[in-house]
Amino acid sequence: QVLLVESGGGLVQPGGSLRLSCAASGNIFTINAMAWYRQEPGKQRELVSRITASGSTYYPEVVKGRFTISRDNARNAVYLQMNSLKPEDTAVYYCYANLRAHPLDSGRDYWGKGTLVTVSS
């Protein structure tokens, strides 16, 4: 059993900052990619940022220069520093991990339950 638990969401004014955290726990052998996605009501879930096991990162243009993803492999954790937040960043943010529970497993996808980020004055 593997759990991903997010924290750090909340209400912030436009231009403000928030830092999201996600910790993976349970039966984990190794974690491959980790990522953050977000979803607004009535819209598809979209990738916000991704980081590989070696630390390579990817950001879509909509958040590039404002968001920074990082991970702590010793803690099985991933973080998202969000700066210069805009009202259109309002969404539920989900943590994602592709990991192996056992050495012979292929990678499986796991999701957290999400944390709400609201950007509003």
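The values are calculated or read from the model by the stated rules, or taken from the named source; none is laboratory data. Predicted model only: the values in this text are computed from it and were never measured. A quick note on method: Cβ atoms are made from the backbone with ideal geometry, for glycine too, and the neighbour counts reach across all protein chains shown. Quick note on the areas: whole protein, heavy atoms, side chains included, nothing else; ligands and nucleic acids left out. Shrake-Rupley method; radii C 1.70, N 1.55, O 1.52, S 1.80 Å.
Overview of results
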{"read-out": "Single match in 117, 92 (criterion: β-branched (Val, Ile, Thr), within 18 Å of residue 21 (Cβ to Cβ), assigned to a strand (DSSP E or B) and in contact with a helix residue (DSSP H, G or I) (Cβ under 9 Å, 6 or more places away or on another chain))", "value": "117"}
{"read-out": "Count - residues of segment 92-120 that are more than 20 Å from the chain's Cα centre (by Cα) and either among the charged types (D, E, K, R) or modelled with pLDDT of 95 or more (or both)", "value": "2"}
{"read-out": "Subset of segment 1-45 (residues that are touching an Asp or Glu at 6+ places or on another chain (Cβ under 8 Å) and aliphatic (A, V, I, L, M))", "value": "20"}
{"read-out": "Qualifying residue in segment 33-55 (condition: out of contact with any helix residue (DSSP H, G or I) (no Cβ under 6 Å at 6 or more places or on another chain), more than 20 Å from residue 112 (Cα to Cα) and open to solvent by less than 60 Å² (accessible area, probe 1.4 Å))", "value": "yes"}
{"read-out": "Any hit, segment 23-38, residues being part of a loop (DSSP other than H, G, I, E, B) and closer than 20 Å to residue 92 by Cβ", "value": "no"}
{"read-out": "Criterion: closer than 19 Å to residue 107 by Cβ, loosely packed, with under 15 Cβ neighbours inside 10 Å and hydroxyl-bearing (Ser, Thr, Tyr) - qualifying residue of 94, 58", "value": "58"}
{"read-out": "Residue within segment 91-103 that is closer than 24 Å to residue 27 by Cβ, out of contact with any Ser or Thr (no Cβ under 6 Å at 6 or more places or on another chain) and aromatic (Phe, Trp, Tyr) present", "value": "yes"}
{"read-out": "Flag for residue 76 being of a type in the set (S, T, N, Q), at negative phi and in contact (Cβ under 8 Å) with a residue 12 or more places away in the chain", "value": "no"}
{"read-out": "Filter pass, residue 19 being within 15 Å of residue 4 (Cβ to Cβ) and either open to solvent by 40 Å² or more (accessible area, probe 1.4 Å) or of a type in the set (A, V, I, L, M, F, W, C) (or both)", "value": "no"}
{"read-out": "Cβ pairs under 8 Å, 6+ apart, first in segment 48-65 and farther than 25 Å from residue 15 by Cβ, second assigned to a loop (DSSP other than H, G, I, E, B)", "value": "none"}
{"read-out": "Evaluation of residue 1 against (1) open to solvent by 50 Å² or more (accessible area, probe 1.4 Å); (2) under 15 Å from the mean Cα position of the chain (by Cα) (one fails), failing number", "value": "(2)"}
{"read-out": "Members of segment 63-86 found to be outside any strand (DSSP E or B) and crowded, with 19+ Cβ neighbours inside 10 Å, listed by number", "value": "63, 76, 85"}
